[in-house]
Each structure stands twice: as C-alpha cells, then as structure tokens.
Amino acid sequence: MFSFHLQILRIIRDKLSVISTLYQYCGFIKMYTTYISHYNNILLIISKWSKSSEFRSFILLRLQNAQYLDNKLSSLSWYLYRPIERIKQYYCFLNDLLLVTRKYDNNYIKLIKCLNLIKNLYYNKIRGIRDINFQSKTRLIEIQLKIFGNPTPILHNKRYFIYNRICEIKYSFKLCRNSSVTKGTYILYIYPYTLSLYSILAPYNSDAGKLANVLI
C-alpha cells in the first residue's frame, strides 16, 4: 500500500487536475477496506510474535533498509496505522476539492464517485470511536515493542494508554548484613487498573530491560 500511495502522489504531482487520476485508481479503496477490516487481527499477531527475539531481530533488519522509518522497533506500530491515517487525509482532501469544483465541471461526476467511495470507507470503518480504538491499540503495540522480557502482552481489548513518565526510584537491599540504598531509572506506563514499570538503564533493544506489572 505504501508503494501504491507513492505511485499515486508521483502521478498527480504533474497533473493539472488530479480528479481523473484519482478516479482511474479509485479501485484501491478495496485494498484499504480489506486492510482496515483486518487491522485489529494484524495488531494481535504483532502482539503475539513480539515476545520472540527472532521476530524482533527480523523486523529490525527490515527497518534498517526502510528509509521512511526511524530504525526503532516501536515505529512499526504507527507504520501499520498509516493507511488508516491516509484514508482520513484523502477524505478531507476530496471534500475540500468538492468545495472548489463547480457542478458543470467535466470532472465533477468523477469527483463525486471518488468521494462517495472514500466516504463509505471512512464512515463505516474509521470514523469516531473506531479510530479512537485503532489509535489506542496502536499505542499499546508501540509500548509493547519497547519492552523486552514481558511474558504478558500489553495489548488488551479493555486496556488503553493513560500516561507515562520517566522516574527515579530508591530501593535498598542487604549484602553480607550491610544495607545498601541505590537508585534506579524506570519508565512508568499507566493504564486503567494496571501500571507497568521497567528499567531503562539498558537500551530499549536490550534484554537487560526488566519489566514489572503491578495491579493498582
């Protein structure tokens, strides 16, 4: 879909009127409809496989060759969300185009047909609470991909991200009858009824990052 999107942009860049080109390729809506219909399942698959170090290594290797990503594993989540964002942008663009296109224009009927296709997809699959849920689950996958060694998936239908911050925590331990106090740097993620706390002394892509799930 990303390659197709770039192709469309290259074509319309040199056109005086983009309506005919969009009308010619409006069949791409079927591809986006299928993708968005399966988006939740895609995130579940990523959530399941993210526990595998082999899977993480495989994805990181692919990200290194992708100029449009930042080589961080967590960037995969929002890359997956981009087709949804793209449909919202197409819908806004066509609506704006309709405002400046007169009814007697030769391309008016084509514009209406393109807009109706995008509108149906937007209203039936994305608009409102659906998009809020998409973004919430995508955010959870982003968090999950930052954490190593977590046996329990962050992604859950009833869970959503509320807040996060970096904090320092003092803790004590005994060694040979002597007490010692030390500090640790952690990042805290808060969700309804649950919070996640893990060490960031090691890089995100290191197995040295330890995670603790705590029930509030």
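Starting from the Cα gyration tensor of segment 33-161, multiply each eigenvalue by 5, take the square root, and state the resulting semi-axes largest first in whole Å.
Three semi-axes, in Å: 36, 16, 10.
Non-local amide H neighbours of residue 194 (under 5 Å, H modeled in plane, Pro and chain starts lacking H): which ones?
216
Among 157-170, 121-134, what's the highest-first ranking by average C-beta atoms within 10 angstrom per residue?
Output ranking for 157-170, 121-134: 121-134, 157-170.
Going by how many other Cβ atoms sit within 10 Å of their own, how do 196, 47 line up, fewest first?
Ascending Cβ contact count within 10 Å gives the list 47, 196.
With a cut-off of 16 Å, note down the residues of segment 131-146 whose backbone N falls inside the zone around a label point 7 Å from the Cα of residue 85 toward its beta carbon.
Counting backbone N atoms under 16 Å from the label point, the list is 131-143.
Starting from the Cα-Cα distance between residue 95 and residue 157, subtract it from 0.36 nm times their residue separation and give me the gain in nm to one decimal.
19.0 nm
So what J values fall out for segment 21-36 if you push phi through Karplus, 6.51 cos²θ - 1.76 cosθ + 1.60 with θ = phi - 60°, rounded to Hz, Gly and Pro as x?
5, 5, 5, 4, 10, 5, x, 5, 4, 4, 5, 5, 4, 4, 4, 5
Can you flag which of 146/170; 103/125; 48/146; 88/146 are past 26 Å Cα-Cα?
Violating the 26 Å limit, Cα to Cα: 103/125; 88/146.
Residue separation times 0.36 nm, minus the C-alpha to C-alpha distance between residue 53 and residue 78: what's the value?
7.0 nm
Read-outs: derived from the displayed coordinates by stated rules, not from any lab. None of the values given here were measured: they were computed from a predicted structure. Backbone-built Cβ (ideal geometry, glycine too); neighbour counts: all protein chains shown.
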